[in-house]
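Comments concern the structure below.
Every number here is computed from the coordinates shown, using simple stated rules; none is lab data. Quick caveat: nothing in here was measured; it's all calculated off a predicted structure. Note that each Cβ is placed from the backbone with ideal geometry, even for glycine, and that neighbours are counted across all protein chains shown.
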Amino acid sequence: MTDKNKLIQDFNLNLICELHLGLEQQGPGSSEMTLKALSFLVNPDKISRVADLGCGTGAPTMVLARNIPGNITGVDFLPDFIKIFNDNAKKLNLQERVKGVVGSMENLPFQKEEFDLIWSEGAIAGIGFERGLNYLKDFLKKDGYVALTYESWFTDERPAEIEKWWVENVPEINTIPHNISVMQKAGYGLIAAFVLPEKCWTDNYFVPREAAGKALLEKYAGDKKVEDFIAKMEHEAELYSKYKQYYGYVFYIGRKI
Ligand SMILES: C[S@@+](CC[C@H](N)C(=O)[O-])C[C@H]1O[C@@H](n2cnc3c(N)ncnc32)[C@H](O)[C@@H]1O
């Protein structure tokens, strides 16, 4: 689910949840890109406390857990995702170190300076990139890392159709240099920023989501609300195919100064 406050307002959150529940990941990404982001951290073996915010059912979290030591807390506001997250941790025998909790990124149940690393793939737009970076800083130890994927423009100019769609869904969307400067102003040194490859959107997300959408249409045959919802999802995938040279997810990795 690319974060869409507007979609969440427009459509029943239950439908968004049901569509994504059986998917391996709930947004664009891949284990390779999670590992690539992790590779920029100095001394990853010293990391002892990690939060994964907007963790969904935990695809990136489990990759982190298998590659760094320490305890990871996943937070998501959808209880059904957290249930699967905790089941997944158990299946991988990670339940002693990896725990999912239902909670809001707006109001995190953590102590100040608790974390060495705060991870968040595809969820920061829900609380705002700038606001989120400022808010999260308090929960990081000095020299702690933040690693986020966030919707970003690749060019200064965009066709009106795609500009309008994104501004409606993520009003704060901006270019990579702008986002880097926001991160720096919020008190982080830039460690790395890189673009997620197209496959993270298509093969890893839109393709399985389309299949899940078809199943939902069959289950709720004739339900206009479901049909509108799936049409909106399909439109999003079509726009990506048409305008992918103009935007995508960027991994931003910063270190608290
Ligand atoms: C695009 S999905 C990404 C899930 C997972 N990180 C992944 O990459 O597969 C975004 C997730 O953030 C969660 N989310 C969005 N806004 C949130 C908020 N304010 N508090 C907690 N969770 C939130 C959604 O429920 C969803 O699971």
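Only helices at least 20 Å long along their axis, Cα-based, and averaging -1.0 or more on Kyte-Doolittle count here, so list those DSSP H runs from the chain.
224-243
Restricting to Cα pairs below 8 Å that are 6+ residues apart, what does the relative contact order work out to for the chain? Please round to a whole percent.
24
Calculate the radius of gyration of the Cα atoms of the chain to one decimal place, then report Dmax, the largest Cα-Cα distance, as a whole number, both in Å.
Spelled out, the Cα radius of gyration and Dmax of the chain are 17.6, 55 Å.
Using Cα positions and a limit of under 18 Å, work out the lysines in reach of K112, with same-chain residues fewer than 8 apart set aside.
Once the sequence-local lysines are set aside, what remains near K112 is K137, K141, K142, K256.
Using a Förster radius of 35 Å, what is the FRET efficiency between K164 and N107 based on their Cβ-Cβ separation? Nearest 0.05, please.
Once the sixth-power term is evaluated, E becomes 0.65.
Regarding region 69-117, what whole-number volume in Å³ per residue does the convex hull of its Cα atoms give?
74
Given region 153-257, what whole percent of its Cα pairs are spread farther than 21 Å?
Here the tail beyond 21 Å accounts for 49 percent of pairs.
If I stretch the segment between S39 and K91 completely, what's the gain in nm (0.36 nm per residue apart, minus their alpha carbon distance), one decimal?
Between S39 and K91, full extension yields 16.2 nm more.
If I stretch the segment between L217 and N71 completely, what's the gain in nm (0.36 nm per residue apart, minus their alpha carbon distance), one decimal? Kindly include the intermediate steps, with their values, before the conclusion.
Details: separation 146, 0.36 × 146 = 52.56 nm, distance 3.95 nm.
Gain in length upon complete extension: 48.6 nm.
For the chain, modelled as a GNM with alpha-carbon contacts under 10 angstrom, which of D223, D52, D80 fluctuates the most?
D223
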